[in-house]
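The values are calculated or read from the model by the stated rules, or taken from the named source; none is laboratory data. The structure presented is a predicted model; accordingly, all values stated were derived computationally and were not measured. Cβ atoms come from the backbone with ideal geometry, glycine included; neighbour counts cover every protein chain shown.
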Amino acid sequence: MKPALNAATRVLSSLGATVINATARAGFGARFFMALIRQSPASFMRPQLILKEIYQAGVLSLIIVLMSGLFIGMVLALQGYETLVRFGATESMGVLVALSLVRELGPVVAALLFASRAGSAITAEIGLMKTTEQLSAMEVMAVDPIARVVSPRFWGGVISLPLLSALFSTMGIYGGYLVGVRLIGIDGGAFWGQMQAAVDWQHDVMNGVVKSVVFAFAVSLIAVFEGYDAQPTAEGVSAATTRTVVTSALAILALDFVLTVFMFRGGLN
Amino acid sequence: MTAANAFSSPAASPPNRELSEPCEPLVELKDVSFGYTRDRQILSGVTLTVPKGKLVAVMGGSGCGKTTILRLLCGQIRASRGEVLVGGQSVATMDTEQMFAHRRQLGMLFQFGALFTDMTVFDNIAFPMHEHTDLPDDIIHDLVMMKLNAVGLRGTAQLKPSELSGGMARRVALARTIALDPQVALYDEPFAGLDPISLSVVGQLIRRLNDALGMTSILVTHDIAESLKIVDYIYFISEGRVVAQGDVASIKASTDPFVRQFVDGEPDGPVRFHYPSNRTLEQDFA
């Protein structure tokens, strides 16, 4: 009887500890977010700090984003042609490629790439600054690390990702053009003309932009929070970096579904 | 003597190492207790006083609560009981504005320097000046070079922290600590991991800068030999309590078992060699 009671006590206390830790982390996260918002005006008063982070998070992510966009656009054109040719609708390839990219793949894949490349770097950098007491040193120097370190990185990410998404979609469409028009031989006029006629600025392009802005807020917030909340050890920073990539990926995909439901209801009406 | 030639000047007259002369206390801990969790107290009723202009060491083994005292003084944590006073003002009751003003009067040297790794040595020392003053760049340049000259590292201004040796990094951190001529300097294990030459250089710099800049310094360390050369007064902490205190002469002559174990480096004594265990030796090796 006693071992069973002990086991039950252990399970209950473990469950209680998990709930308490999760609640404490959620509370810390909320306070962190409020502090971040409160300190944001100070960051915008020193735009050189944000520009530096746009370079780190955005410019240095250009190669991977542009190359991925190009290849995804090329694959879309190849796969699209396989289907469209059966219905004699190969002229619609431009529409297929453009809508797939600006509505879905551009915002989603660019955000996933951003989380892997820049989000993980932001988390690791802030986590290491915490581990090596650089954040504490700032605090003791009467400099708020959230204003000086966290906020510029957050806003650098928020500004960079929508721009990267736009470039991703642009490169993807160009990749589709290379394969569809230059390689397969679809008429260029039909490719661009149908795209121009079918893609709506408000409904398609702006909704894609809204998605990328929402993803930018989510990924940047996760990245800076995980770095700031990392255990100040090598293992802790490693775990925080992993959490950034995993949580960001799940958040992007879940948010994408929710946003898509609201923006492009389709069969749900 | 000024900060710019603190180390290169010939040995100045020996500093007054007595606390017996009347000096107004600048830093005071009154019956301070603190624990990160309810069931484990780090500090239990610590009382200590640091008079203005003095260099006081807080010594004790690893994990005895020395660094916690510095964190209490910086306002990074708050005492669960007792009062922490700096310049007569209670740190615990300060609002955000007062806390920032309080911290601008402090300089802290972290155990491993805590230099900003994405900045050059120059930018590290200029950092607090840029953050807290509106001085023009040429004045900041001169001030930074003066601080670097004071620690003998003027030639490293454009190097990154990763290009410095441990001793050099500690001296750069020391220069950053005194960047804004603080009223109170806090040193957290400044000698850890240094070779004998660097250790002696850092020790002498701490003493001379304290006197040259008219600071009040608190040195947290477990390096007894170096501390005895430079400090005015020593507090020994063990298990969160002040277990001994005195000036250098009285510490050297002390017969207190804790002080003797610490000064002589005995492996066992009041500070036990073995971490307490609930199991007996026979149980563990059965």
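Just a yes or no: is a residue in the range B:162-171 within 14 Å of another protein chain (Cβ to nearest Cβ) and closer than 24 Å to residue B:103 by Cα?
Checked the range B:162-171: at least one residue is within 14 Å of another protein chain (Cβ to nearest Cβ) and closer than 24 Å to residue B:103 by Cα.
Here is a yes/no grid of residues against (1) touching an Asp or Glu at 6+ places or on another chain (Cβ under 9 Å); (2) buried (at least 23 other Cβ atoms within 10 Å of the Cβ); (3) at pLDDT below 95:
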site: A:55; (1), (2), (3): no, no, no
site: A:68; (1), (2), (3): no, no, no
site: A:74; (1), (2), (3): no, no, no
site: A:92; (1), (2), (3): no, no, yes
site: A:111; (1), (2), (3): yes, yes, no
site: A:122; (1), (2), (3): yes, yes, no
site: A:132; (1), (2), (3): no, no, yes
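Go through (1) within 23 Å of residue B:64 (Cβ to Cβ); (2) modelled with pLDDT of 90 or more for residue B:227 and report which single condition fails.
Going through (1) within 23 Å of residue B:64 (Cβ to Cβ); (2) modelled with pLDDT of 90 or more one by one, residue B:227 breaks only (2).
Kindly indicate whether residue B:79 is of a type in the set (A, V, I, L, M, F, W, C), crowded, with 17+ Cβ neighbours inside 10 Å and farther than 26 Å from residue B:162 by Cβ.
Yes; evaluated as a whole, the condition is true for this residue.
Collect the residues in the range B:258-286 that are touching a residue at least 60 places away in the same chain (Cβ under 8 Å) and either surrounded by fewer than 13 Cβ atoms within 10 Å (Cβ to Cβ) or in contact with a Cys (Cβ under 9 Å, 6 or more places away or on another chain) (or both), keeping them in residue-number order.
B:271
Between A:178, A:183, A:128, A:164, which is out of contact with any Cys (no Cβ under 8 Å at 6 or more places or on another chain), buried (at least 24 other Cβ atoms within 10 Å of the Cβ) and among the hydrophobic types (A, V, I, L, M, F, W, C)?
Working: A:178 fails: buried (at least 24 other Cβ atoms within 10 Å of the Cβ); A:183 fails: buried (at least 24 other Cβ atoms within 10 Å of the Cβ); A:128 fails: buried (at least 24 other Cβ atoms within 10 Å of the Cβ).
Exactly one of A:178, A:183, A:128, A:164 is out of contact with any Cys (no Cβ under 8 Å at 6 or more places or on another chain), buried (at least 24 other Cβ atoms within 10 Å of the Cβ) and among the hydrophobic types (A, V, I, L, M, F, W, C), namely A:164.
Anything in the range B:198-220 that is within 15 Å of residue B:27 (Cα to Cα) and hydroxyl-bearing (Ser, Thr, Tyr)? List them, or say none.
Within the range B:198-220, B:216, B:217 qualify.
Tell me, which strands (runs of 3 or more DSSP E) lie completely within the range B:43-158 with 3 or more residues that are more than 9 Å from chain A (Cβ to nearest Cβ)?
Passing ranges, in order: B:43-51, B:55-59, B:81-86.
Has the range B:241-254 got at least one residue that is touching a strand residue (DSSP E or B) at 6+ places or on another chain (Cβ under 6 Å), buried (at least 17 other Cβ atoms within 10 Å of the Cβ) and within 28 Å of residue B:201 (Cβ to Cβ)?
So far as the range B:241-254 goes, yes, one or more of its residues are touching a strand residue (DSSP E or B) at 6+ places or on another chain (Cβ under 6 Å), buried (at least 17 other Cβ atoms within 10 Å of the Cβ) and within 28 Å of residue B:201 (Cβ to Cβ).
Given the criteria assigned to a loop (DSSP other than H, G, I, E, B), among the aliphatic types (A, V, I, L, M) and surrounded by 15 or more Cβ atoms within 10 Å (Cβ to Cβ), does residue A:173 qualify?
no
Tell me which residues, restricted to the range B:174-193, are out of contact with any Gly (no Cβ under 6 Å at 6 or more places or on another chain) and at positive phi.
Selection gives B:181, B:189.
I'm trying to understand the selection: among the residues of the range B:156-189, which are over 22 Å from the mean Cα position of the chain (by Cα) and at pLDDT below 90?
none
State whether the residues of the range B:26-41 include one that is more than 21 Å from residue B:111 (Cβ to Cβ), surrounded by fewer than 18 Cβ atoms within 10 Å (Cβ to Cβ) and small (Gly, Ala, Ser).
The answer is yes, given that some residue of the range B:26-41 is more than 21 Å from residue B:111 (Cβ to Cβ), surrounded by fewer than 18 Cβ atoms within 10 Å (Cβ to Cβ) and small (Gly, Ala, Ser).
Which one is nearest to the chain's Cα centre (by Cα) among residues in the range A:176-215 that are touching a residue at least 60 places away in the same chain (Cβ under 8 Å) and outside any helix (DSSP H, G or I)?
A:199
Here's a check for you: in the range B:1-52, which residue that is aliphatic (A, V, I, L, M) and touching a Ser or Thr at 6+ places or on another chain (Cβ under 7 Å) is modelled with the lowest pLDDT?
Once the filter is applied, the top-ranked residue is B:1.
Which residues, counting only those in the range A:134-152, are assigned to a helix (DSSP H, G or I), within 7 Å of chain B (Cβ to nearest Cβ) and among the aliphatic types (A, V, I, L, M)?
If the condition is that a residue be assigned to a helix (DSSP H, G or I), within 7 Å of chain B (Cβ to nearest Cβ) and among the aliphatic types (A, V, I, L, M), then A:137, A:140 are the ones that fit.
Considering every residue within the range A:249-263, establish whether at least one is assigned to a helix (DSSP H, G or I), of a type in the set (Gly, Ala, Ser) and either touching a helix residue (DSSP H, G or I) at 6+ places or on another chain (Cβ under 8 Å) or in contact (Cβ under 8 Å) with a residue 60 or more places away in the chain (or both).
The answer is yes; a qualifying residue exists.
Go through (1) at pLDDT 95 or above; (2) over 22 Å from residue A:225 (Cβ atoms); (3) surrounded by 14 or more Cβ atoms within 10 Å (Cβ to Cβ) one by one and return the number of the condition residue A:59 breaks.
Failing condition for residue A:59: (3).
Please tell me if residue A:125 is among the charged types (D, E, K, R) and away from every other protein chain (no Cβ under 14 Å).
In short, no.
Among the numbered criteria (1) under 25 Å from the mean Cα position of the chain (by Cα); (2) buried (at least 19 other Cβ atoms within 10 Å of the Cβ), which one does residue A:32 miss?
(2)
Give A:70, A:112 a once-over and let me know the one that is assigned to a helix (DSSP H, G or I), hydrophobic (A, V, I, L, M, F, W, C), away from every other protein chain (no Cβ under 14 Å) and more than 19 Å from residue A:240 (Cβ to Cβ).
One residue alone meets the criteria, A:70.
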